[in-house]
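Trainee: Input: one structure, supplied below.
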Amino acid sequence: MLSTLPLRISNLLMILVLLPFWTSLLVRTTSWIALLQQEGVINDLLVGLGMINDDGRLAMIHNATGTVVAMTHILLPFMVLPLYSVMKTIPPTYMRAAKNLGATPTVAFIRVYFPNTVSGIGAGSILVFIISIGYYITPALVGGTDGTLISNFIAYHMSSSLNWGLAASLGVLLLILVLMLYYLYDRVVGIDKMKFA
């Protein structure tokens, strides 16, 4: 939508996309704790609307659900920016030409528009993945014990259990995984086509 709207409106919406960058990571994570806890805003709203009982409040924190919700909010701009920069370069005449040649909107999207966005999807995916595997604060505060990520396990084995061998092994496995994904992206799309905002 950002890539097709007039410039004045798309710039305003881009400010809303970038708004999370202007607040601290710790503040954003803490606000998700206030929203997701059992006595939090979302559960109170659902109880107030009669959608759930007061006894059946949802457990949305200290589990994988809370981690996914909070990290999606934090990492979404890192996916939007590469996609926007690629989609902005796709001329709208491509879709009109496909429709004039008899393609339905779905076929035109799948066969014409989507292949042109692969470099942005790949760049955004790699960026989000690399940032998310190193996240420590959000999974530790919102995820609790059930919603932790590998960075939390590495930190635990480095500082608490003092099992440095396991922490080093996890770190090396993580590095190998990132390099494999980087190699796969280079083979499929080409690293020279990677675009960010």
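The values are calculated or read from the model by the stated rules, or taken from the named source; none is laboratory data. Only a predicted model underlies this, so the values are computations on that prediction, with no experimental measurement involved. Here the Cβ is made from the backbone with ideal geometry for all residues, glycine too, and neighbour counts use every protein chain on show. For the accessible areas, the whole protein counts, side chains as well, though only heavy atoms, and no ligand, DNA or RNA atoms are used. Shrake-Rupley method; radii C 1.70, N 1.55, O 1.52, S 1.80 Å.
Trainee: Which is modelled with pLDDT of 85 or more, among the aromatic types (Phe, Trp, Tyr), surrounded by 15 or more Cβ atoms within 10 Å (Cβ to Cβ) and out of contact with any Leu (no Cβ under 7 Å at 6 or more places or on another chain), of Tyr156, Tyr113?
Mentor: Tyr113
Trainee: Only one of Val80, Val86 is over 27 Å from Gly143 (Cβ atoms), within 23 Å of the chain's Cα centre (by Cα) and buried (at least 16 other Cβ atoms within 10 Å of the Cβ). Can you tell me which?
Mentor: Among Val80, Val86, only Val86 is over 27 Å from Gly143 (Cβ atoms), within 23 Å of the chain's Cα centre (by Cα) and buried (at least 16 other Cβ atoms within 10 Å of the Cβ).
Trainee: Here's a follow-up. Checking Leu162 against (1) in a helix (DSSP H, G or I); (2) open to solvent by 70 Å² or more (accessible area, probe 1.4 Å), which single condition isn't satisfied?
Mentor: (1)
Trainee: Quick one: count up the residues across region 131-153 that are free of Cβ contacts under 8 Å to residues at least 40 places away in the same chain, open to solvent by 30 Å² or more (accessible area, probe 1.4 Å) and either of a type in the set (Lys, Arg) or part of a helix (DSSP H, G or I) (or both).
Mentor: Counting residues in region 131-153 that are free of Cβ contacts under 8 Å to residues at least 40 places away in the same chain, open to solvent by 30 Å² or more (accessible area, probe 1.4 Å) and either of a type in the set (Lys, Arg) or part of a helix (DSSP H, G or I) (or both) gives 3.
Trainee: Just the residues that are open to solvent by 40 Å² or more (accessible area, probe 1.4 Å) and free of Cβ contacts under 8 Å to residues at least 60 places away in the same chain, please, taken from region 25-46.
Mentor: Val27, Ser31, Ala34, Leu35, Gln37, Gln38, Glu39, Val41, Ile42, Asp44, Leu45
Trainee: When you look at Thr67, is it closer than 17 Å to Val189 by Cα and open to solvent by less than 30 Å² (accessible area, probe 1.4 Å), yes or no?
Mentor: In short, no.
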